[in-house]
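Each remark here refers to the structure printed beneath this line.
Coordinate-derived values only; no laboratory data. The model shown is predicted, which means the values in this text are computed figures rather than measured ones. FYI the Cβ positions are ideal-geometry reconstructions off the backbone, even for glycines, and counts take in every protein chain you see.
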């Protein structure tokens, strides 16, 4: 199975949580995935700022998709088993966030990805890390 932008959107976005959050995948490269989200009313907490959990959804989504760059989704699946993030600045309605994954460790049964989330000005909003467990079971099925 070839893993490209269209496949990533079909498997991970369409009809699932990331779609309902307004997350889109803008690129799938050989060793990273980039996604975007425009902050709106769905993402806010009191004070008219983005809830930090939205960053974690972005981080988890990028990590899950990124894992497929190194596995065959017809034979394997992967699950986030640990995720952490530091929220470094606030995001407000209208901000366009970009999340980009970078591999830290690609092993047979685990992968670790760093994900940085920046706003349209290039300011770092959140920085996180996700550990993925790779299992011998098809991603779809």
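Mean projected area of the convex hull spanned by the Cα atoms of region 5-135, taken over all viewing directions: 7.4 nm². Taking every alpha-carbon pair in region 80-123 and binning the separations at 10 Å intervals from zero gives 22, 46, 24, 8, 0 percent.
Inter-part distance, region 5-36 to region 41-88, computed on C-alpha centroids, equals 11 Å. Relative contact order, whole percent, for the chain stands at 25, derived from Cα pairs under 8 Å and 6 or more residues apart. Among 50, 132, the ranking by other beta carbons within 10 Å of each residue's beta carbon, starting with the fewest, stands as 50, 132. Model label sites at residue 44 and residue 86, defined 7 Å from Cα along the beta-carbon direction, differ in position by 2.9 nm.
Just rank 135, 61, fewest to most, by other beta-carbon atoms within 10 angstrom.
Working: 135 13, 61 27.
Taking fewest neighbouring Cβ atoms as first place, the list is 135, 61.
Against the longest principal axis of the chain, how steep is helix 52-67, in degrees 0 to 90 to the nearest 10, with axes from Cα atoms? Roughly 20 degrees between the two axes.
Using Cβ contacts closer than 10 Å as the measure, can you line up 41, 87 from fewest to most?
With the fewest neighbours first, 41, 87 line up as 41, 87.
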